[in-house]
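As structure tokens, the structure follows; a few thoughts come after it.
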Amino acid sequence: MVQAALAKAKEIGVLETVCVVDEGGYPLALERMDGSRVTGPQIAWNKAFTAAGHKRSTHLFNTPPSGPALPGNEAFGIQWSFEGRFAVFVGGFPVVVDGEVIGGVGLSGGNGEQDTKCGLAALQTLKQILGAKHAVVVEADIKK
């Protein structure tokens, strides 16, 4: 998954950091491209942690009108949870296999569109690896 995301980053000309976590939000793999921001590893981990733990793509927290972290909505302020590790912006996606969230993937370095393309490349590769025996969700707007 990490290699697929990094290959997509190279293809689209962006320097990315990629983190894949287990269902508890603990890193399984983390890689930062040479020259990418030194803040990338923590941000990518935070996004993957949030996506896995809350079972939704991180950008959905701030998507109007019903994003739960938007001012006036039920989870406004959630981004300050877990010592500020809760990410509510684009770049984190839950890893959903056979209807269950088994982890997350987080990306940092590009703009929202670039991070999304790299995240989808990671999920698509997992789908290809697991084949027809398992259903893997490969989409930007994941909410379980």
Q) So how many residues does segment 30-81 have that are open to solvent by less than 60 Å² (accessible area, probe 1.4 Å) and charged (D, E, K, R)? A) 2
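Answer yes or no as to whether residue 6 is touching a residue at least 60 places away in the same chain (Cβ under 8 Å), open to solvent by 30 Å² or more (accessible area, probe 1.4 Å), more than 18 Å from residue 103 (Cα to Cα) and not charged (D, E, K, R). Can you show your working first?
Details: touching a residue at least 60 places away in the same chain (Cβ under 8 Å): yes; open to solvent by 30 Å² or more (accessible area, probe 1.4 Å): no; more than 18 Å from residue 103 (Cα to Cα): yes; not charged (D, E, K, R): yes.
No: the conditions fail for residue 6.
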**Q.** Conditions (1) in contact (Cβ under 8 Å) with a residue 40 or more places away in the chain; (2) under 12 Å from the mean Cα position of the chain (by Cα); number of the one not met by residue 139
**A.** (1)
Q: Report, by residue number, each residue of segment 120-132 that is open to solvent by 60 Å² or more (accessible area, probe 1.4 Å) and either within 18 Å of residue 46 (Cα to Cα) or modelled with pLDDT under 95 (or both).
A: 132
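Answer yes or no as to whether residue 87 is assigned to a loop (DSSP other than H, G, I, E, B) and more than 16 Å from residue 140 (Cα to Cα). Break it down into steps so the answer makes sense when it comes.
Numbers: assigned to a loop (DSSP other than H, G, I, E, B): yes; more than 16 Å from residue 140 (Cα to Cα): no.
No.
Of all residues in segment 90-119, count the ones that are assigned to a loop (DSSP other than H, G, I, E, B) and either modelled with pLDDT under 95 or under 21 Å from residue 27 (Cα atoms) (or both).
Keep residues of segment 90-119 that are assigned to a loop (DSSP other than H, G, I, E, B), which gives 90-91, 98-99, 109-111.
Checking the rest, the ones that are also either modelled with pLDDT under 95 or under 21 Å from residue 27 (Cα atoms) (or both) come to 90-91, 109-110.
So the count comes out to 4.
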Q) Say we look at segment 82-102 and pick out the residues that are of a type in the set (Gly, Ala, Ser) and buried (at least 24 other Cβ atoms within 10 Å of the Cβ); which of these is farthest from residue 15 (Cα to Cα)? A) 87
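What number of residues within segment 16-28 are open to solvent by 50 Å² or more (accessible area, probe 1.4 Å) and in contact with a helix residue (DSSP H, G or I) (Cβ under 7 Å, 6 or more places away or on another chain)? Outline the logic, then answer.
Keep residues of segment 16-28 that are open to solvent by 50 Å² or more (accessible area, probe 1.4 Å), which gives 23, 26-28.
Narrowing further to those that are in contact with a helix residue (DSSP H, G or I) (Cβ under 7 Å, 6 or more places away or on another chain): 23, 27.
Within segment 16-28, residues that are open to solvent by 50 Å² or more (accessible area, probe 1.4 Å) and in contact with a helix residue (DSSP H, G or I) (Cβ under 7 Å, 6 or more places away or on another chain) number 2.
The values are calculated or read from the model by the stated rules, or taken from the named source; none is laboratory data. Nothing here was measured: the structure is a model prediction, and the numbers come from that model. For neighbour counting, all protein chains shown are included, and Cβ atoms are generated from backbone atoms with ideal geometry for every residue, glycine included. The protein model used for the area step is the full one, side chains on, heavy atoms only, and it has no ligands, DNA or RNA in it. Shrake-Rupley method; radii C 1.70, N 1.55, O 1.52, S 1.80 Å.
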